[in-house]
Amino acid sequence: MTDVERVLARALMEIVVSLDLSDDDEIDPDVATGILEPVAALLQNAPAEDRQAIVRLFTECAEEETDATRRLTALDLPDAFGIR
């Protein structure tokens, strides 16, 4: 993977984890879902090889996370997006 791909995967992971862990009074769950559904659809429609690469990138990025809660949430991203 290129550095750009790692940076983009990490950036997406940071956004998704932050949305997922936000309190309902901070970010409306319907708004978060509206943001994440098109992302999930895009990832699910990627070719299988690309999905596998994305899973690897998310896993690598998640393993670098030092906060335990964020790490567990990040490790679940491939399943949450339905790409594993």
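The values are calculated or read from the model by the stated rules, or taken from the named source; none is laboratory data. Computed from a predicted model, the values in this text were never measured in an experiment. Virtual Cβ from ideal backbone geometry, glycine too; neighbours counted across all protein chains shown. Just so you know, the surface numbers come from the protein's heavy atoms only, side chains and all, with ligands and any DNA or RNA stripped out. Shrake-Rupley method; radii C 1.70, N 1.55, O 1.52, S 1.80 Å.
Beta carbons closer than 7 Å, at least 6 apart along the sequence or on distinct chains, pair a first residue in segment 38-53 that is among the polar types (S, T, N, Q) with a second that is loosely packed, with under 13 Cβ neighbours inside 10 Å for Q44/G82.
Output yes when any residue across segment 50-62 is exposed (fewer than 12 other Cβ atoms within 10 Å of the Cβ) and acidic (D, E), and no when none is.
no
With respect to the stated conditions, A46 fails to be assigned to a helix (DSSP H, G or I) and either at positive phi or surrounded by 10 or more Cβ atoms within 10 Å (Cβ to Cβ) (or both). Looking across segment 66-79 at every residue that is in contact (Cβ under 8 Å) with a residue 12 or more places away in the chain and out of contact with any Ser or Thr (no Cβ under 8 Å at 6 or more places or on another chain), the one that is nearest to R10 (Cα to Cα) is identified as A74. If you go through segment 66-84 and keep only what is charged (D, E, K, R) and assigned to a helix (DSSP H, G or I), you end up with R70, R71, D79. Residues of segment 1-41 that are open to solvent by 80 Å² or more (accessible area, probe 1.4 Å) and either in a loop (DSSP other than H, G, I, E, B) or touching an Asp or Glu at 6+ places or on another chain (Cβ under 7 Å) (or both): M1, D23, D24, D25, E26.
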